[in-house]
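A short worksheet on the structure shown next.
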Amino acid sequence: MEKKIGLESLKRNTDFLRINHIDFYILDYSIENRLAKEEYSSVWRAVKEMLPYNSFFLEMGLSRAAVILPEKSAEEAERLLNATIETAGNGEGFTAVFEGKVCRDITEDLELDGITYKKVVDPEVMSLHEETETAYSEKNLKLSILDDDEVIRMFLGDQLDAVDWGEWEVDLQVYREGESFLNSGRLQENGKHIIILDGIMPRMDGMEVLSEIRKKYNESEVSIIMLTSRNRENDIVSALEAGAFDYVTKPFKINELIARIKRVAKRMENGDG
């Protein structure tokens, strides 16, 4: 039986784009003929290489995949679908027979019933910027995003990187999961730290990461904003009591999150612990 992943992410990410008023299309790919495992990998690698930088590729099995295309027209989506199928289908020594369609939303044409979801752990750390040595100052802000969801990481990275932070010198980095972040040495870097922390992640969930940080750092050094789909009152209370400064539930609006980050930065600047 094929390993299938991505359904949960697909539902969550389309909700996320919708609430932030970002139009999108979905390319639904399936390979009709049976290929060897390495041939499937070759096909999907070729598809990924042809997609725009801000598209989000979601594997849903060896022979099934979906791609979210934010801010693209129907004509662009159709062109990309046809181009990827035509090019990626002709591998070295084999041909992949594709079925593909452009979907406006997951509730219309994309049949998702019966697909199971299995989370894949990938501890690799992703950085938006190469780390540079900077002198310590009160205006040196280390902003870290911890989220195992690729769409959330890329969206937040793009949006927060474009923010006018005023006098703050902001170094922004993103991480796929908590253990890699804690082992990265990021918190030893000079400056004030603000962490946008997902509540549900592989290996260590958000509350475990929060607890580990609070063993060594107080709120004047490291402020934490929880960004999570956990919205029960006891989850919120537990996080705030454990040392989170703020709590934002998914799906969220990006402008509200930016305002909250700026509020935290202002508090840290004023020395309010």
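The values are calculated or read from the model by the stated rules, or taken from the named source; none is laboratory data. What you see is a predicted model, and the numbers here were worked out from it, not measured in a lab. Here Cβ is always computed from backbone atoms with ideal geometry, including for glycine, and neighbour counts include all displayed protein chains. For accessibility, only protein heavy atoms count, side chains too; no ligands or nucleic acids. Shrake-Rupley method; radii C 1.70, N 1.55, O 1.52, S 1.80 Å.
Before moving on, here are some points about what is shown:
- Residues of segment 142-167 falling in the label zone of I258, defined by backbone nitrogen less than 19 Å from a point 7 Å along Cα to beta-carbon, are 142-146, 152-167.
- Virtual spin-label span in nm between N90 and S220, 7 Å along Cα→Cβ: 6.7 nm
- Per-residue SASA entry for K192, accessible area with 1.4 Å probe, Å² rounded to 10: 30 Å²
- Solvent exposure of M204, expressed as accessible area, is near 30 Å², computed with a probe of 1.4 Å over the protein chains only.
- Residues I200 and N33, FRET efficiency given R0 of 35 Å [Cβ-Cβ distance, rounded to 0.05]: 0.40
- Angle between the chain longest axis and helix 233-242 axis [Cα atoms, degrees, rounded to 10]: 50 degrees
- A viscosity of 1.002 mPa s and a temperature of 20 °C, combined with the Kirkwood radius over Cα pairs in Stokes-Einstein, give a translational diffusion coefficient for segment 184-273 of 159 µm²/s.
- Accessible area (Å², 1.4 Å probe, nearest 10) - K37: 140 Å²
- From phi via Karplus (6.51, -1.76, 1.60), per-residue ³J(HN,Hα) for segment 142-152 in Hz, x at Gly/Pro: 9, 9, 10, 10, 10, 7, 7, 8, 4, 5, 4
- Mean Cα-pair separation over length for the chain, i.e. relative contact order, pairs under 8 Å, 6 or more apart, %: 17 percent
- Cα gyration tensor category, rounded, prolate or oblate, for segment 18-106 with a/c compared to 1.5: prolate
- Net length gained if the chain between S184 and E76 were fully extended (0.36 nm per residue, minus Cα distance): 34.9 nm
- Residues in segment 191-207 carry Karplus couplings, in order, of x, 7, 10, 10, 10, 9, 10, 5, x, 10, 9, x, 6, 10, 7, x, 5 Hz; the curve used is 6.51 cos²θ - 1.76 cosθ + 1.60 with θ = phi - 60°, and Gly or Pro positions show x.
- Exceedance of the 27 Å cut-off in Cα-Cα distance is limited, within the set K72/K192; K72/K262; K37/K72; K11/K101; K11/K142, to K72/K192; K72/K262; K37/K72; K11/K142.
- Segment 197-250 gives an Rg/Rh value of 0.93, both radii derived from C-alpha positions and Rh following Kirkwood.
- Value at 222 nm in deg cm²/dmol, rounded to 500, when DSSP H runs of n ≥ 4 in the chain each add -39,500 (n - 2.57): -11000 deg cm²/dmol
- Calculated FRET value between H21 and V163, using beta carbons and R₀ = 25 Å, to 0.05: 0.90
- Taken along its principal axes, the alpha carbon cloud of the chain reaches lengths of 62, 38, 33 Å, longest axis first.
- With each label modelled as a point 7 angstrom along the Cα→C-beta vector, the V248-E59 pair spans 3.0 nm.
- Rounded percent of accessible protein surface that carbon and sulfur make up, the chain, 1.4 Å probe: 45 percent
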